[in-house]
Amino acid sequence: MKKLFTIFGNPVSHSKSPLMHNLSFKGLNYNGCYTRYRLEDGAELRNRLFELNIAGANITVPHKEEAFKACDELDEFAQKVGAVNTIINKNGKLYGYNTDAPGFLKAISEFKNIKEVLFLGAGGTAQSTSIVLRDAGYKVTLLNRSANRLERYKKEGFETYTFESFEDKKKFDLVVNMTSAGLEDDSLPCPIEILEAVIPKAKACVDVIYGKETPFLKFAKKHNRPTKDGSDMLLYQGVIAFEYFTNHQFSFEEIKKYMQKAFIL
Ligand code: NDP
């Protein structure tokens, strides 16, 4: 019987996930089908999953914390970060994972000799990725527009700054735009003076926004820094989710081979 998978989010119509996963199902001859579901109330997630007999799901903005709450079992990393973007329904029990952060870690692995990382932004994506990076041996500093979002990072022992308190005393190897600045507008993630201080010294710059050249990436390119957007992060979180969906019967490279076609279609 065909297994049904979906992505829950709001909005969700722009999501590339159905195309990515369906290309891999088809390429690997797996009897699965992946749809999208606009969910307004995150608290309804668990019921919808069972009603529709969904075998596995991805969860995107703004329901990753509700997804965390909806699960019966959480893997160690999802437990640690408090956000779930992948759920497996195994015999009526929901298992939760976070594949965004390992996807990001893999996406930046092409940049070598990176130790000091500066995150511009401290929202939900920064939360899981800062922890995965720290666990992997990177040193993460966070810079955010508002002070209140930084509180939890401070408690977890991260070095944090607001635009006002930032001190240019360190060389950051990698600078990452973790904000949504540039997604639907033309704004930079922080005052240009801060970018002028950190970017020329950086070995590389990464944006988590994908599919467009943001003002941040334009600025980094102007300074001849190696750059990448969020496409690989999106691809790799999808490959890792697919591994869970299909119970690890295909290798990362096999899945990637088909899934990456979604980025040239
Ligand atoms: P959140 O809403 O949780 O956090 C948004 C962050 O951006 C906050 O730190 C906020 O600062 C900051 N911010 C927003 N607008 C501006 C601005 N104009 N100037 C400065 N700072 C700003 O968002 P998420 O963490 O969920 O998402 C962040 C980005 O990551 C989005 O662009 C999203 O598309 C992308 N993303 C990409 C993925 C991929 O696979 N490539 C996966 C997941 C997310 P403040 O606290 O001051 O409001």
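Structure summary
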quantity	calculated
Nearest 10 degrees, 0 to 90: helix 17-27 Cα axis against the chain principal axis	60 degrees
Table column - 3J(HN,Hα) (Hz), the stretch 253-261, Karplus curve with 6.51, -1.76, 1.60, x for Gly and Pro	5, 4, 5, 4, 3, 8, 5, 5, 5
1.4 Å probe accessible area per residue over the chain, in Å²	47 Å²
Exposed-loop-free span, longest in the chain, where trypsin sites (Lys or Arg not before Pro) count as exposed if DSSP calls them loop and at most 14 other C-beta atoms lie within 10 Å	3-111
Amide H partners (placed H, <5 Å) of Tyr210, local residues excluded	Gly230
For the stretch 1-68, fraction of C-alpha pairs farther apart than 15 Å, in %	49 percent
Within-12-Å neighbourhood charge of Asn58 [Cβ basis; K, R +1; D, E -1]	+2
GluC sites (Glu not before Pro) restricted to DSSP loop in the stretch 33-104 with at most 11 other C-beta within 10 Å	Glu40
Percent of C-alpha pairs per 5 Å bin, the stretch 135-265, short to long	2, 9, 16, 18, 18, 15, 10, 8, 4, 1, 0
Dmax and Rg, reported as Rg then Dmax, of the stretch 22-124 (C-alpha, Å)	15.8, 49
The stretch 112-225, accessible surface, carbon-and-sulfur percent (1.4 angstrom probe)	48 percent
Bridge type composition, the chain - antiparallel percent by DSSP, nearest 5	20 percent
Where only C-alpha atoms are counted, convex hull volume of the chain per residue in Å³	130 Å³
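The values are calculated or read from the model by the stated rules, or taken from the named source; none is laboratory data. Treat the numbers as computed from the prediction; the structure is a model and nothing was measured. Glycine gets a Cβ as well: all are built from the backbone with ideal geometry, and neighbour counts include every protein chain shown. Only protein heavy atoms, including side chains, enter the accessible area calculation; ligands, DNA and RNA are left aside. Shrake-Rupley method; radii C 1.70, N 1.55, O 1.52, S 1.80 Å.
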